[in-house]
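The values are calculated or read from the model by the stated rules, or taken from the named source; none is laboratory data. Keep in mind it's a predicted model, so treat the numbers as computed, not measured. Reconstructed Cβ throughout: ideal geometry from the backbone, glycine too, with neighbour counts over all protein chains shown. Note: accessible area is taken over every heavy atom of the protein model, side chains too, but ligands, DNA and RNA are not part of it. Shrake-Rupley method; radii C 1.70, N 1.55, O 1.52, S 1.80 Å.
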Amino acid sequence: MEKKNIDWSSLSFAYMPTDYRFVAHYKDGAWDEGKLVKDASCTMSESAGVLQYAQTCFEGLKAYTTKDGDIVTFRPDLNAKRLQDSADRLLMPQVPTEMFLRALDEVVKANAAWVPPYGTGATLYIRPFLFGCGPVIGVAPAPEYEFRMFVTPVGPYFKGGIKPLRLLLSQYDRAAPHGTGHIKAGLNYAMSLYPGYVAKHQGYAENMYLDAATRTHVEETGGANFLFVTKDNKIVTPKSDTILPSITRRSLVYVAEHYLNMEVEERPVSYTELKDFQECGLCGTAAVISPVGEVDTPDGRISFASGMEEMGPVCAKLREVLTGIQMGEIEAPEGWIRKIC
């Protein structure tokens, strides 16, 4: 298939409308079959649940062109499950795994010309989302829902690619105990917009959030999980009920244990420990793993030994192996890769 005439290597992480998207509707207790459409607009009541009470959740995954020319996706069954968990928490109907995967296959195949070629550094970002489109005025779940999935070609999430980032220790809270921090709800990201604006206005790439209950333990950035490397090359990832369970983090942990024979520990990470780590990385679908060089706090600057010039060796190896798996350069564990076409 002839690809679109795009300078793939110059893409930023921004929305670019493509040819088709998948749409399905939930009404009277059941989903319709869903179908591909060309129209990128959504039409709904002015009193739709998503507009009145933020009843929406979403996912993010990517399609890749492998070295053999295949178009594949990475562990999409886990995205389907996480969307279902998010829907349960927000009293929305689950999107069945079969529908999710069928929508994925159809929308990626229909937009195959938009999938960046192998070796360009760009990928096709896939955004499934679910929202209450039926009208409500009292505080209650919407009576009708819409599930959509669109795709857009993207470049690196952070400007400058994998150059180490400088973070700000946020004085704002991302998620409350027993709240919705563990699901991918739109309202969580709305909460992070102002703190994110403050951080970026001051020259930082992102915020580092602490737990809201005690403000002593590291959680996430709001868009990515943390992964730390100790001085004796042990991987440490924060554990908390208010952290979104990242599929990329889970995959990197598996790579560390089973491909690199490294010890991995998932546990609460005290803010006071940061100075003792050799490396720090942000992991998520959009960024894969991005190095962190410094964190500015009210008590001063914390600098990781890996520095601000390049990614540390452990994070670099983790990224190399995981992207190698995604691009078909390294053999993947069973069930990790779904071939689209």
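Among the residues of the range 80-101, those identified as open to solvent by less than 60 Å² (accessible area, probe 1.4 Å) and assigned to a helix (DSSP H, G or I) are Ala80, Arg82, Leu83, Gln84, Ser86, Ala87, Thr97, Met99, Phe100, Leu101. Residues that are charged (D, E, K, R) and within 20 Å of the chain's Cα centre (by Cα) were ranked within the range 216-237; the one that is farthest from Tyr189 (Cα to Cα) is Glu219.
Within the range 157-178, which residues are small (Gly, Ala, Ser) and modelled with pLDDT of 95 or more? Walk me through how you get there before you give the answer.
First pass over the range 157-178, keeping only residues small (Gly, Ala, Ser): 160-161, 170, 175-176.
Ser170, the sole residue that qualifies.
Annotation: Ser251 fulfils all but one of (1) open to solvent by 20 Å² or more (accessible area, probe 1.4 Å); (2) assigned to a helix (DSSP H, G or I); (3) closer than 28 Å to Trp8 by Cα; (4) touching a Phe, Trp or Tyr at 6+ places or on another chain (Cβ under 8 Å); the unmet one is (1).
What do you reckon, is Ala113 surrounded by 21 or more Cβ atoms within 10 Å (Cβ to Cβ) and either in contact with a His (Cβ under 6 Å, 6 or more places away or on another chain) or not in a loop (DSSP other than H, G, I, E, B) (or both)? Answer is no for this residue. Residues in the range 8-36 that are modelled with pLDDT under 95, part of a loop (DSSP other than H, G, I, E, B) and open to solvent by 80 Å² or more (accessible area, probe 1.4 Å): there are none. Among the residues of the range 140-155, is there at least one that is modelled with pLDDT under 95, small (Gly, Ala, Ser) and under 18 Å from the mean Cα position of the chain (by Cα)? Among the residues of the range 140-155, at least one is modelled with pLDDT under 95, small (Gly, Ala, Ser) and under 18 Å from the mean Cα position of the chain (by Cα), which makes the answer yes.
Kindly establish whether Val108 is part of a strand (DSSP E or B) and either within 15 Å of Ile126 (Cβ to Cβ) or open to solvent by 10 Å² or more (accessible area, probe 1.4 Å) (or both). Quick ask: steps written out before the conclusion?
Working: part of a strand (DSSP E or B): no; either within 15 Å of Ile126 (Cβ to Cβ) or open to solvent by 10 Å² or more (accessible area, probe 1.4 Å) (or both): yes.
It is false that Val108 is part of a strand (DSSP E or B) and either within 15 Å of Ile126 (Cβ to Cβ) or open to solvent by 10 Å² or more (accessible area, probe 1.4 Å) (or both).
Restricting the range 147-174 to residues that are out of contact with any Pro (no Cβ under 8 Å at 6 or more places or on another chain) and open to solvent by less than 10 Å² (accessible area, probe 1.4 Å), the residue that is nearest to Gly119 (Cα to Cα) is Gly155.
Looking only at the range 134-152, decide whether some residue is touching a residue at least 24 places away in the same chain (Cβ under 8 Å), under 18 Å from Val288 (Cβ atoms) and of a type in the set (Lys, Arg). Checking the range 134-152: not a single residue is touching a residue at least 24 places away in the same chain (Cβ under 8 Å), under 18 Å from Val288 (Cβ atoms) and of a type in the set (Lys, Arg). If the condition is being under 16 Å from the mean Cα position of the chain (by Cα) and of a type in the set (D, E, K, R), then the range 182-200 contributes only Lys184.
Going through the range 216-244 one residue at a time, which ones are open to solvent by 50 Å² or more (accessible area, probe 1.4 Å), in contact (Cβ under 8 Å) with a residue 12 or more places away in the chain and farther than 18 Å from Ser86 by Cβ? If the condition is that a residue be open to solvent by 50 Å² or more (accessible area, probe 1.4 Å), in contact (Cβ under 8 Å) with a residue 12 or more places away in the chain and farther than 18 Å from Ser86 by Cβ, then Thr216, His217, Lys231, Asn233, Lys239 are the ones that fit.
Taking the range 254-306 as the range and being in a loop (DSSP other than H, G, I, E, B) and in contact with a Ser or Thr (Cβ under 7 Å, 6 or more places away or on another chain) as the test, the residues that pass are Pro268, Phe277, Gln278, Thr285.
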